[in-house]
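To start, the structure under review is shown below, and the notes come after it.
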Amino acid sequence: MKKIGFFIILLTVLSGGVWYVQADEAAELMARIDGKQYSENSQTRMYMRIFPDGRDGEVREYRVESYGRGETDSYMVFLEPRSIRGLRILELEEDIRVFFPSTGRIRRITGDQKGGSAGGVGGDFSYEDIGSGSYSQDYRLSMEGEDSVHSIVRGVPLDPESSYLYLLFYIEKNSEQVRKVEYFTREEGHKKTLSLENYTTVQGVEMPSSMEMVNHEDGGITVIEIAAARYNIDIDDKFFNPNRFYR
């Protein structure tokens, strides 16, 4: 019995050691990706197309401008269509505020609300999805496996208010670029899939210029195309001021 107990302890220690190695490997991989995508600040102009019933249904188009500061702060304003022009979303250290120009009111987004459609426009990107962040700092990471093309990393959100149970990141081995992200929730299981394509490097910052989010729950699709991007530039502090961002 003592020998059996010893071997059980040994296997437990060894398996734990394998997990730590996998966690270190995953963290190092995602940190390298963060390094390629990091900038002190950014300005991005993009087009968002929402297909509520899939590609064969109607499409709604939006023109959006966003600013980022470090890994925690972001500001987004909708420029078109006219019906929602001036809708603004501000995130400061995971504290999210939305300004609705139709009412002139600001709404704080907390808890489960972070899983709702960003800006309430019906798209498949949630407030949580569009926020700033870091792969290596925002998740407890481990190697999930691999296929012929990708390394697969599991990320468990460290934010207790996250709407996701875990995410699977598919990283292309040759380029170390995130090509796909699968989102899992406790209730729906595999809820959404994000595809990232057409990576470009601008001012030393590597980013995808095309992103497609598919909602497996309702069949909706949202596509974001980056029209222009600038990095490490001077940005007016008012965009990140909770008392001025809506003016």
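Here are some conditions: (1) surrounded by fewer than 21 Cβ atoms within 10 Å (Cβ to Cβ); (2) touching a helix residue (DSSP H, G or I) at 6+ places or on another chain (Cβ under 8 Å); (3) over 24 Å from F240 (Cα atoms). V121 meets all but one. Which one does it not meet?
Here V121 meets the rest and fails (3).
Could you figure out which of (1) touching a strand residue (DSSP E or B) at 6+ places or on another chain (Cβ under 6 Å); (2) touching a residue at least 40 places away in the same chain (Cβ under 8 Å); (3) surrounded by 14 or more Cβ atoms within 10 Å (Cβ to Cβ) isn't true of G220?
Condition (1) is where G220 drops out.
Go through the residues of segment 153-176 one by one and say whether even a single one is of a type in the set (F, W, Y), closer than 18 Å to I130 by Cα and not in a strand (DSSP E or B). Even if it seems obvious, please write down each step before you answer.
Within segment 153-176, the first condition is being of a type in the set (F, W, Y), and the residues that meet it are 164, 166, 169-170.
Still in the list and also closer than 18 Å to I130 by Cα: 164, 166, 169.
Filter once more, so that each one left must be not in a strand (DSSP E or B): 164.
Taking every residue of segment 153-176 in turn, at least one turns out to be of a type in the set (F, W, Y), closer than 18 Å to I130 by Cα and not in a strand (DSSP E or B).
Only residues that are more than 24 Å from I50 (Cβ to Cβ) and part of a helix (DSSP H, G or I): list them for segment 94-120, please.
Passing the criteria: only G111.
Report, by residue number, each residue of segment 39-70 that is surrounded by fewer than 16 Cβ atoms within 10 Å (Cβ to Cβ) and either touching a helix residue (DSSP H, G or I) at 6+ places or on another chain (Cβ under 6 Å) or not in a strand (DSSP E or B) (or both).
E40, D53, G54, R55, D56, G57, E58, V59, G70
When residues of segment 71-88 are filtered for being assigned to a strand (DSSP E or B) and within 15 Å of the chain's Cα centre (by Cα), how many remain?
Filtering segment 71-88 down to residues assigned to a strand (DSSP E or B) leaves 73-80, 88.
Next, from what is left, pick out any that are within 15 Å of the chain's Cα centre (by Cα): 73-76.
Going through segment 71-88 one residue at a time, the tally reaches 4.
Given the structure, is I130 among the β-branched types (V, I, T), under 22 Å from I96 (Cβ atoms), within 12 Å of the chain's Cα centre (by Cα) and modelled with pLDDT under 95?
For I130, the condition - among the β-branched types (V, I, T), under 22 Å from I96 (Cβ atoms), within 12 Å of the chain's Cα centre (by Cα) and modelled with pLDDT under 95 - is met.
In segment 200-221, how many are of a type outside the set (A, V, I, L, M, F, W, C), part of a strand (DSSP E or B) and in contact with a Pro (Cβ under 9 Å, 6 or more places away or on another chain)?
1
Take G116 and decide whether it is among the small types (G, A, S), within 17 Å of the chain's Cα centre (by Cα) and within 21 Å of Y38 (Cβ to Cβ). Give the steps one after another, and end with the answer.
Numbers: among the small types (G, A, S): yes; within 17 Å of the chain's Cα centre (by Cα): yes; within 21 Å of Y38 (Cβ to Cβ): no.
Taking the combined requirement at face value, the residue does not satisfy it.
Pull up segment 183-216, narrow it to residues that are among the charged types (D, E, K, R), within 20 Å of Q37 (Cα to Cα) and touching a Ser or Thr at 6+ places or on another chain (Cβ under 7 Å), then point me to the one that is surrounded by the fewest Cβ atoms within 10 Å (Cβ to Cβ).
E197
One line per residue, one yes/no per condition, for (1) buried (at least 18 other Cβ atoms within 10 Å of the Cβ); (2) farther than 21 Å from F125 by Cβ; (3) in contact (Cβ under 8 Å) with a residue 40 or more places away in the chain:
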{"site": "V149", "(1), (2), (3)": "no, yes, no"}
{"site": "L158", "(1), (2), (3)": "no, no, no"}
{"site": "E161", "(1), (2), (3)": "no, no, yes"}
{"site": "L165", "(1), (2), (3)": "no, no, no"}
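Which of the residues belonging to segment 102-117 are among the β-branched types (V, I, T) and either closer than 19 Å to L158 by Cβ or free of Cβ contacts under 8 Å to residues at least 24 places away in the same chain (or both)?
Listed by number, the residues that qualify are T103, I109, T110.
Which condition number does E176 fail, the rest of (1) on the phi < 0 side of the Ramachandran plot; (2) surrounded by fewer than 16 Cβ atoms within 10 Å (Cβ to Cβ); (3) touching a Leu at 6+ places or on another chain (Cβ under 9 Å) being met?
Every condition holds for E176 apart from (1).
Filter segment 174-205 down to the residues that are free of Cβ contacts under 8 Å to residues at least 60 places away in the same chain, among the charged types (D, E, K, R) and over 18 Å from I224 (Cα atoms) and list them by number.
R186, E187, E188, K191
Restricting to segment 162-184, count the residues that are over 12 Å from the mean Cα position of the chain (by Cα) and at pLDDT below 95.
Residues meeting the conditions: 1.
The values are calculated or read from the model by the stated rules, or taken from the named source; none is laboratory data. This one's a predicted model, so the numbers in the text were calculated from it and none came from an experiment. Here the Cβ is made from the backbone with ideal geometry for all residues, glycine too, and neighbour counts use every protein chain on show.
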